[in-house]
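For reference, the structure is listed below as structure tokens.
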There are 2 protein chains.
Amino acid sequence: MSLYAGIEAGGTKFICGVGDSEGNIIDQIQFPTTTPDETMPQVIQFLQQHPDIVAIGFGSFGPICLDKSAKDYGKIMKTPKLAWQYFDVVHYLQQYFPDLPVGFDTDVNAAALGEKTWGAAKGLSDVVYITVGTGIGTGIISNNKMVHGLTHPEAGHIRVMRSEHEIDGFTGICPSHKNCLEGMASGPALNSRWQVPSCSSFPENHIAWEIEADYLAQALVNYILIVSPQKIIFGGGVMKQSQLFPKIHKRVQALLNGYISHPLIEENINQYIVPAALGGNAGLKGSIALALHQKVQACV
Amino acid sequence: MSLYAGIEAGGTKFICGVGDSEGNIIDQIQFPTTTPDETMPQVIQFLQQHPDIVAIGFGSFGPICLDKSAKDYGKIMKTPKLAWQYFDVVHYLQQYFPDLPVGFDTDVNAAALGEKTWGAAKGLSDVVYITVGTGIGTGIISNNKMVHGLTHPEAGHIRVMRSEHEIDGFTGICPSHKNCLEGMASGPALNSRWQVPSCSSFPENHIAWEIEADYLAQALVNYILIVSPQKIIFGGGVMKQSQLFPKIHKRVQALLNGYISHPLIEENINQYIVPAALGGNAGLKGSIALALHQKVQACV
């Protein structure tokens, strides 16, 4: 049986796995993200245990270079994780597996592809995946292809208007933009606003969730107006707060105010803005989907 | 010689033209947009004068249905122009020209395609075209294809933060969203803010242009972070105020604050955010490009 290897390369941990074309995970392992010299040999060791793999997918923290015509294609670019800056992921993997195709994309584009291949966006051509956790990241598929363009989407950093319920004195925590979406609505932003180690135990009717839903809804409205997704899929730790979903649905409808006339927005918005079907595995399965996509273009 | 027919269907006027594969316009005509019963026969009459046309492109005011699998494909959808609501453009044209393929898209997606085929975005795969005039419309090309998705982009209506220079009492004029981009930065919004029939004679150093540039820059920053275009092209009457460009360049850089590390943004932004190369013909040439695209997929 042909197997597909996926590597979900996050800022704090790597998750490597091997799966089949149906998205079933056969084996997986995880280890901390330290330096390429330490971390990458562990990746190679895991992959070498699986001689049946026919392709590799690497879903990476960013920024990365996705322009196949550029000399930097396949590299991690300018990043605060200095040990990884300009590390050539694709070339490194190809040295060990010269016969295998390597798919390379952002972790969030990979997650979007995973949801499109096996999850909540199966069969759709236009999808936004947004993860809300330590940061806010967004993977986007348009016309069946992952959006790259000049670099790749960084839609967690779009501008949002201050919520009418915002508490005095909180001005956002993004080091680059202060009060962008990530600065106002990531997990650390939530905790910083309320000056607690974690908001996760706040009751469902706490105003914290109204504010959070407002910022996320603002972002979704802009995504809808710009890329017109057929579905929006949420991942990430903050979205385990399931009370956020109905609040976001209502707020998106209020902000669009009937402007986009479509039953999925006006009537069935709970089927339009949904949690990730692949749950915590969206990242790893997405990387495996990246590998599958090297062999079977039809998967996207 | 094979000729391509384009129809730029605007809210106030129709412009019909016939051109060659290089984008040269051979013949053109325009007439007011009244009702389908009056306007469409004029279109047919013009087209019938050109027996050499091999394809038709129709760039339409919106909203329109672009989903080829939907029963409403090819129609103008719910619109305040009631005579046009649910008018089936594609079917109408096919009745008269059953042997010709008909390309159908938004006027702004067509303009983006025109700029990609013959203009400022020649050879690029990821492009945003934004026109700032009576309204604000946006055409988007991602991975060489016009973005459709659930409906089509309506990125003139994204949310923007109130400019720090905004004048007291002005709250925006969009009937649906009041203070969205179009509500704050369209031509009529400018005139309403300053309570004049037209701002076009305001001096270059008038604060009006700082405010305008701020809103447009905010929108561009969100477009960049979401769809990562390789070039952003401005059309529309308001953008004839060429002093806006350097202000927008500077403001986009300030708002991104180094987050997207790319020479086109950090060093050569005047080559990244540019006026339409096809000028006032972007809409008509775009519709002709839509026709060409039916025959030569390579044009996108």
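The values are calculated or read from the model by the stated rules, or taken from the named source; none is laboratory data. Note that the coordinates shown come from a computational prediction; the quantities given were computed from them, not determined experimentally. A quick note on method: Cβ atoms are made from the backbone with ideal geometry, for glycine too, and the neighbour counts reach across all protein chains shown. Each accessible area value is taken on the protein alone, full model and side chains, heavy atoms only, with ligands, DNA and RNA left out. Shrake-Rupley method; radii C 1.70, N 1.55, O 1.52, S 1.80 Å.
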Among B:Gly74, B:Gly19, B:Gly11, whose mean-square fluctuation peaks in a Gaussian network model of chain B (Cα, cutoff 10 Å)? B:Gly11
Partner chain Cβ atoms within 10 Å, averaged over the residues of B:247-257 - can you pull that number for me? 1
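Only four residue types carry charge here, +1 at the Cβ of Lys and Arg and -1 at the Cβ of Asp and Glu. Report the dipole size of region A:120-276 about the Cα centre in Debye, rounded to the nearest 20.
So the dipole magnitude of region A:120-276 works out to roughly 300 debye.
Over both sides of the B-A contact, add up the buried accessible area with a 1.4 Å probe and give it to the nearest 100 Å².
Working: alone 13750 and 13750 Å², together 23480 Å².
For B against A, buried area totals roughly 4000 Å².
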Shape of region A:177-300 from its Cα gyration tensor (a ≥ b ≥ c, root eigenvalues): rounded if a/c is under 1.5, otherwise prolate when a/b > b/c, or oblate? oblate
Separation between Cα centres of region B:184-219 and region B:108-150, rounded to whole Å: 24
With every protein chain left in place, what is the accessible area per residue of the protein assembly as shown in square angstrom, probe 1.4 Å? 39
Divide by every residue of chain A the summed helix terms, -39500 (n - 2.57) for each DSSP H run of at least 4, and state the resulting mean residue ellipticity at 222 nm, rounded to the nearest 500 deg cm²/dmol. -10000 deg cm²/dmol
Report, for B:Lys178, each distance to the same residue's label point in the other copies, shortest first and in nm; define the point 7 Å along Cα→Cβ. 2.5
Return the carbon/sulfur percentage of the accessible area of chain A, one whole number, probe 1.4 Å, all protein chains in place. 48
Calculate the length of the line joining the C-alpha centroid of region A:1-51 to that of region B:250-270, in whole Å. 36
Kindly express, to the nearest 10 degrees and within the range 0 to 90, the angle between helix B:36-48's C-alpha long axis and the longest C-alpha principal axis of chain B. 70
Which distances in nm, rounded to one decimal and ordered from shortest, link the label point of A:His165 to the equivalent label points in the other identical copies, with labels set 7 Å from Cα toward Cβ? 3.5
Shielding by other protein chains, A:216-229, mean Cβ within 10 Å: 6
Nm distances between the label at A:Asn144 and the same-position labels in the remaining copies, 7 Å along Cα→Cβ, shortest first? 1.3
Cα-Cα over 20 Å, subset of B:Lys13/B:Lys75; A:Lys145/B:Lys75; A:Lys75/A:Lys116; B:Lys13/B:Lys285; B:Lys122/B:Lys145: A:Lys145/B:Lys75; A:Lys75/A:Lys116
In region A:152-170, what residues drop by 20 Å² or more in accessible surface going from the chain by itself to the full protein assembly, probe 1.4 Å? A:Glu154, A:His157, A:Ile158, A:Arg159, A:Met161
How would chain A be classified by its alpha-carbon gyration tensor: rounded, prolate or oblate, with rounded meaning a/c under 1.5 and the a/b versus b/c comparison settling the rest? prolate
Which of A:Glu266, A:Glu164, A:Glu38 fluctuates most in a GNM of chain A (C-alpha springs under 10 Å)? That residue is A:Glu164
Fraction of antiparallel bridges per DSSP, region A:120-276 only, in percent to nearest 5: 55
